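A short worksheet on the structure shown next.
The values are calculated or read from the model by the stated rules, or taken from the named source; none is laboratory data. In this text the structure is predicted, and so the values were computed from the model without any measurement. Because the Cβ atoms are built from the backbone with ideal geometry, glycine has one as well, and the counts that use them run over all protein chains shown. Please note that ligands, DNA and RNA were not included when accessible areas were found on the heavy atoms of the full protein model with its side chains. Shrake-Rupley method; radii C 1.70, N 1.55, O 1.52, S 1.80 Å.
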Amino acid sequence: MKITSAEVFVGGPGKNYVTLKIMTDQGIYGIGDATLNTRETLPAHYLTEYLIPCLIGMDPRKSEDIWQFFYRGAYFRRGPIAMAAIGAIDMALWDIKGKIAGLPLYQLFGGKSREGAMVYAHASGNDLEDLMDSIAYYREEGYQAVRVQCGIPGMPKGGGYAVADKGDSKNYITNFLGNGPKIEIWNSDKYMRYMPDALGEIRDRFGFDMCLLHDVHHRLLPREAAQFAKEVEQHRLYWLEDPTPAEDQSALEIIRQHSTTPIAIGEVFNSIYDCNKLIQSNLIDFIRVSATYGGGITSLKRIVDLAALHNVQTGFHGAPSHSPISMAAQGHLNAWAPNFGVQEYLVLGTPECDALFPSEHKMEKGFFYVSDAPGLGVDFDENEATRYEFERGYHPVTRLEDGTVWNY
Ligand SMILES: [Mg+2]
């Protein structure tokens, strides 16, 4: 069996999905997602200029060898661009493998450990009351886990930390489809004085039978994050996400020394080497790496196994930039993983998105159910894809009130 061709498509409804399609000499094809949010054309070029020419003629069943060939075979390894490109190839090869076997991918990993995988929604509001309405909406929809973000009094309303409107992901899109980065203003002191009590009010209103998640979006200094984690301990968060910038892993030690609030990190990580110390030292409780810029299923499964050894649970990234292909890849891993925790899931199911990526995967009452279709169980409609083209966009850039650039 040989790979005969591969093609990359960039575009989608409101998002620049980067979709790879690999064809074989036996008519079976596989698809993968290389969408690197706000830098989408870079993994697309990495694929078309460097990886696809090597891929032609390879045996698609040798997914491990092909992964190693592109990872070890490059002198300059890792990084989000290369790993998103390798990740797309790897997803497509697993898709082909599942189709050859006639089995859904979760069966190739070891079968299901659960029927439905719990997902969390994003509730947000311009202020706390607005946020309460958003949480109530998701609770009525059946979600057991909700991430809560709200505007902070005295700070301008912002997109990265707390989206301006409640309820869905559309605000991220308006933020990144402009002509240049939107500037957001941040003040850690105002945030730290307000948010712990706000989380307490949410517990008072909705009780403790809800998995409550909160994302700090890398905004705090290590000492501030430790203080924050200690103060919110009484509110029993399911997790506190990205309390500090992910590059400084020793910051997690300071947080751990002062609190037992569960910590989730890793959505910007690209390899097992980014997680290794954090997992083995039990400095985190949830690992957030994604199949897309984490190098695909082959590397993500290895991270899940390492995490399981140390009782760290999964909580894969699922921002709206992830296409239904990577969400399917993660869906199959979630169905299997013995140490599954929760899956981030933002509403992908617009009619346009469903037409571009047809699948039988189901979201019901806050749980994701993978279909039994062979492979990834999601397809890609090339005719639909011709409706879309690339539009440049940026994440917002954060500044402190005195103008200093801060962490987004
Ligand atoms: Mg996050």
Most to least accessible of W406, W94, W239 (protein chains only, probe 1.4 Å): W406, W94, W239
Under unit Cβ charges (Lys, Arg +1; Asp, Glu -1), what dipole magnitude, rounded to 20 debye, does the chain have relative to its Cα centre? 880 debye
What ³J(HN,Hα) values, in whole Hz, does the Karplus curve 6.51 cos²θ - 1.76 cosθ + 1.60 give for segment 206-219 when θ = phi - 60°, with x put for Gly and Pro? 10, x, 9, 8, 9, 6, 9, 10, 9, 10, 7, 6, 6, 8
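Quick check on the chain: helices-only [θ] at 222 nm, where DSSP H runs of length 4 and up contribute -39,500 (n - 2.57) each and the sum goes over total residues. Nearest 500, please. Before the final figure, lay out each step's value.
On the way: 15 runs with 148 residues, N = 408.
Rounded to the nearest 500, the figure is -10500 deg cm²/dmol.
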Cα gyration tensor of segment 3-104, axes a ≥ b ≥ c as square roots of the eigenvalues: rounded (a/c below 1.5), prolate (a/b > b/c) or oblate? oblate
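Quick one: ranking R114, R61 by accessible area, 1.4 Å probe, largest first, what do you get?
Values: R114 55, R61 120 Å².
Ranking R114, R61 by accessible area, largest first, yields R61, R114.
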Pairwise label distance in nanometres, E140 with A74, each label 7 Å out on the Cα-Cβ vector: 4.7 nm
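Restricting to Cα atoms and excluding each atom paired with itself, what does the Kirkwood estimate give for the chain in Å? Mind dumping the intermediate values first?
Values: mean 1/r = 0.0466 Å⁻¹.
Kirkwood radius, the chain: 21.5 Å.
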Using +1 at the C-beta of Lys and Arg and -1 at the C-beta of Asp and Glu, which of G73, N126, M195 has the Cα lying farthest in the positive direction of the dipole of the chain? G73
How big is the accessible area of F286 in square angstrom, nearest 10, if you roll a 1.4 angstrom probe over the protein chains? 10 Å²
Under 16 Å from a point placed 7 Å out from the Cα of S113 along the Cα-to-Cβ direction: which residues of segment 313-349 have their backbone N that close? 313-317, 330-344
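Among DSSP bridges having both ends in segment 108-375, what percentage is antiparallel? Round to the nearest 5. Don't jump to the answer; show the numbers that get you there.
Values: 5 of 26 bridges.
Just about 20 percent of them are antiparallel.
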Taking the solvent-accessible surface of protein heavy atoms with a 1.4 Å probe, what is the per residue accessible area of the chain in Å²? 40 Å²
Accessible-area value, K362, 1.4 Å probe, nucleic acids and ligands omitted, Å²: 100 Å²
Environment charge at E384 (Cβ cut-off 12 Å; Lys +1, Arg +1, Asp -1, Glu -1): -4
Place +1 on the Cβ of every Lys and Arg and -1 on the Cβ of every Asp and Glu in the chain, take the dipole about the Cα centre, and give the residue among A136, P320, C275 whose Cα lies farthest towards its positive end. C275
Does anyone have the angle between helix 324-336 and the longest principal axis of the chain? Alpha-carbon axes, 0 to 90°, nearest 10? 80 degrees
Tell me the net charge near T41. Cut-off is 12 Å between Cβ atoms, T41 excluded, with +1 for each Lys or Arg and -1 for each Asp or Glu. -2
For segment 272-374, treating each Cα as an identical point scatterer without solvent, what Debye log10 I(q)/I(0) comes out at q = 0.21 1/Å? -1.08
Extension gain Q26-R205, at 0.36 nm per residue separation less the Cα-Cα distance, in nm? 58.6 nm
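For I265, I183, give the ranking by accessible area with the largest first, probe 1.4 Å. Display every interim value, and only then the final one.
On the way: I265 0, I183 85 Å².
Highest to lowest solvent-accessible surface, that is I183, I265.
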Checked against a 20 Å limit on the C-alpha separation, the offending pairs among K21/K97; K277/K301; K190/K230; K15/K365; K62/K97 are K15/K365
Quick one: net charge of K301's neighbours, Cβ under 12 Å, K/R +1, D/E -1? -2
So what does C54 come to for accessible area, using a 1.4 Å probe and Å² rounded to 10? 60 Å²
